[in-house]
Amino acid sequence: MSLSNNTESPVYQLELTEESFNSFLPDYLKYASRLHFTPIETAKIAGSWLTEAGARRILDIGAGVGKFCISAARYSNSHFYGVEQRASIAKLGNQLAKQFQLQNVSILHDNILNVNFSDYDAFYLFNPFYENLEFAKRLNDEVPLKEKLYRTYFNYTDEQLSKAKAGTRLVTYHGNNFEVPSSYKKERDAFDGNLKLWIKQD
Ligand SMILES: C[S@@+](CC[C@H](N)C(=O)[O-])C[C@H]1O[C@@H](n2cnc3c(N)ncnc32)[C@H](O)[C@@H]1O
């Protein structure tokens, strides 16, 4: 147990470590976790970059079980939203947020195509659509995966990010730079260049 530093009144929370987080996952997700979910220390830095200029509503595009949202929210007063297309995984994400007593995390069960990015003021992107190109790395068989869906999701995200106002922050993890619209400029990186902070220009 540890003392919370994300709320004003002190509350005792479960310690958030790779081990404690993984202990709540079913076996197949424990196995997938290293490849598919952001490490806690990385999420902590990404969350701090995303919120240091005042962002209050952060969207994780393809949230999985909410590991980025939970890890970042644990050290922040901003609200971390994740959109996740797999119902069972979104449900588990909300259960985990409860286990870690975080009220500033919401995992929304939906497809990115139904999300209006203007409802958020900063964004996190960790290769969410890649499984449509490499089926072998998929999390489970709950949703259809097709090569052409990669392009559909990619184009929609690109269009929405391009419409964000100047100064909007985006963090990518293990992404290819082509996933970021050319109107964003890279400001910082960490973890051998795998974590990048981008800021929308005029
Ligand atoms: C690599 S995991 C990232 C997990 C999380 N962002 C993290 O860093 O811990 C990508 C997730 O994106 C979800 N995803 C992929 N395409 C999506 C879409 N079109 N709409 C919503 N979620 C999607 C997948 O189901 C998967 O759980």
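So here's what we get for this one:
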read-out: Among (1) within 10 Å of the ligand (Cβ to nearest atom); (2) farther than 23 Å from GLU179 by Cα - the single one ASP60 does not satisfy; value: (2)
read-out: Filtered residue count, the range 151-179, keeping only those that are part of a loop (DSSP other than H, G, I, E, B) and buried (at least 20 other Cβ atoms within 10 Å of the Cβ); value: 2
read-out: Some residue of the range 82-91 being in a strand (DSSP E or B), more than 10 Å from the ligand (Cβ to nearest atom), within 24 Å of GLN13 (Cα to Cα) and touching a Cys at 6+ places or on another chain (Cβ under 9 Å); value: no
read-out: Residue check, LEU102 more than 21 Å from LEU125 (Cβ to Cβ), surrounded by 20 or more Cβ atoms within 10 Å (Cβ to Cβ) and more than 12 Å from the ligand (Cβ to nearest atom); value: yes
read-out: Unmet criterion (only one of (1) modelled with pLDDT of 95 or more; (2) of a type outside the set (D, E, K, R); (3) within 11 Å of the ligand (Cβ to nearest atom)) for LEU139; value: (1)
read-out: The one condition in (1) part of a helix (DSSP H, G or I); (2) closer than 21 Å to GLY66 by Cβ; (3) out of contact with any Lys or Arg (no Cβ under 6 Å at 6 or more places or on another chain) that GLU131 fails to fulfil; value: (3)
read-out: Which listed residue is on the phi < 0 side of the Ramachandran plot, of a type outside the set (Lys, Arg) and within 17 Å of the chain's Cα centre (by Cα), from LEU145, LEU197, LEU149, LEU133; value: LEU197
read-out: Subset of the range 11-39 (residues that are of a type in the set (Phe, Trp, Tyr) and either surrounded by fewer than 15 Cβ atoms within 10 Å (Cβ to Cβ) or in contact with a strand residue (DSSP E or B) (Cβ under 7 Å, 6 or more places away or on another chain) (or both)); value: TYR12, TYR28, TYR31
read-out: Residue that is nearest to THR51 (Cα to Cα), among those in the range 134-144 that are of a type outside the set (D, E, K, R) and surrounded by 15 or more Cβ atoms within 10 Å (Cβ to Cβ); value: LEU139
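The values are calculated or read from the model by the stated rules, or taken from the named source; none is laboratory data. Since the structure is predicted, the reported quantities are computational estimates derived from the model, not experimental observations. Virtual Cβ from ideal backbone geometry, glycine too; neighbours counted across all protein chains shown.
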